[in-house]
1. In the set Thr35, Thr71, Thr66, which member is without any contact (Cβ under 8 Å) to a residue 12 or more places away in the chain, on the phi < 0 side of the Ramachandran plot, among the hydroxyl-bearing types (Ser, Thr, Tyr) and surrounded by 11 or more Cβ atoms within 10 Å (Cβ to Cβ)?
2. Mind telling me which of the residues Met41, Met25 ends up being surrounded by 10 or more Cβ atoms within 10 Å (Cβ to Cβ), over 14 Å from the mean Cα position of the chain (by Cα) and either among the aliphatic types (A, V, I, L, M) or assigned to a helix (DSSP H, G or I) (or both)?
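No lab work stands behind these numbers, since they all come straight from the coordinates. All values derive from a computational prediction rather than experimental measurement. Glycine gets a Cβ as well: all are built from the backbone with ideal geometry, and neighbour counts include every protein chain shown.
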Amino acid sequence: MSNESKSKLNIALFAFNNAATNCYMILLNIASYYTFGKAGMIMSILLNIITVMRILDGITDPFIGTLIDKTETRFGKYR
């Protein structure tokens with residue numbers, strides 16, 4: 001692959017950099033609209049659920065990162 005085609009590929013894939021975050025935010029907006037508007041749940045309950053979810057994510061991320069760093073596959077280390 002030439003440098004020019006690699007550069008074009010990098011530019012094309014740059015848009016997918018925050019795809020997981022964008023999907024999360026879209027789903028969060030849909031969930032808040034549904035629970036508040038349709039299901040009649042109090043917004044504070046939803047916010048508490050989301051807060052607990054983010055705290056648990058912050059606790060588990062270092063462990064998952066360490067596991068990924070120590071994993072060796074036949075393709076080499078994860079980068």
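1. Details: Thr71 fails: surrounded by 11 or more Cβ atoms within 10 Å (Cβ to Cβ); Thr66 fails: surrounded by 11 or more Cβ atoms within 10 Å (Cβ to Cβ).
Within the list Thr35, Thr71, Thr66, the selection yields Thr35.
2. Values: Met25 fails: over 14 Å from the mean Cα position of the chain (by Cα).
After applying the criteria, what remains is Met41.
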